[in-house]
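The values are calculated or read from the model by the stated rules, or taken from the named source; none is laboratory data. Computed from a predicted model, the values in this text were never measured in an experiment. With ideal geometry, Cβ positions are generated from the backbone for all residues, glycine too; neighbour counts draw on all protein chains shown. Just the protein is used for accessible areas: all its heavy atoms, side chains included, with ligands, DNA and RNA removed. Shrake-Rupley method; radii C 1.70, N 1.55, O 1.52, S 1.80 Å.
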Amino acid sequence: MMIGKVNSAGGIKRLVMAQAENSAASGDVYVTLTCDFDPLVIFAYGSLYTVGKSEAKWRLTKDGNWTSSNTAHHTASNITVSGRTITAGPYRSDDSTGGYGYVFAFGFPD
């Protein structure tokens, strides 16, 4: 009985990750990440004065619709996706704490 077929020449697809970060002494912080793969899961977070902002987005296929983790229980980031380029922000901070933002993307290599 055959359960599945293995493409030995193609190798095993492994999940890959890309990340980007940005920081500023104060003011607005945007983070842009361009992946060399189609992102399937994105997580972004950063500072907003004393409160953090975070959001996750995911989809089942590279052509699928994005689903967001936005809920009323936290402050969401603003993640935009255009092809393989992801932009998140604005994150903002005052002069005393400094602003920062991070983006992580996960997917399978081409």
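Brief remarks on what is shown
- Note on segment 63-85: among residues that are over 14 Å from Phe104 (Cβ atoms), outside any strand (DSSP E or B) and at pLDDT below 90, the one that is least open to solvent (accessible area, probe 1.4 Å) is Ala76.
- Number of the exception - Val51 against (1) out of contact with any Leu (no Cβ under 9 Å at 6 or more places or on another chain); (2) among the hydrophobic types (A, V, I, L, M, F, W, C); (3) at pLDDT 85 or above: (3)
- From Leu40, Leu33, Leu15, residue being modelled with pLDDT of 90 or more, on the phi < 0 side of the Ramachandran plot, touching a Gly at 6+ places or on another chain (Cβ under 8 Å) and not acidic (Asp, Glu): Leu40
- Taking each residue of segment 97-110 that is more than 24 Å from Asp36 (Cα to Cα) and looking for partners that are open to solvent by 60 Å² or more (accessible area, probe 1.4 Å) and not in a strand (DSSP E or B) with beta-carbon atoms closer than 8 Å, six or more apart or interchain, yields Thr97/Tyr49; Thr97/Thr50; Gly98/Ala25; Gly99/Ala25.
- Within segment 24-42, not a single residue is under 11 Å from Phe104 (Cα atoms), open to solvent by 20 Å² or more (accessible area, probe 1.4 Å) and free of Cβ contacts under 8 Å to residues at least 40 places away in the same chain.
- Residues in segment 23-40 that are farther than 15 Å from Asn78 by Cα and either of a type in the set (Gly, Ala, Ser) or assigned to a strand (DSSP E or B) (or both): Ser23, Ala24, Ala25, Ser26, Gly27, Thr34, Asp38, Pro39, Leu40.
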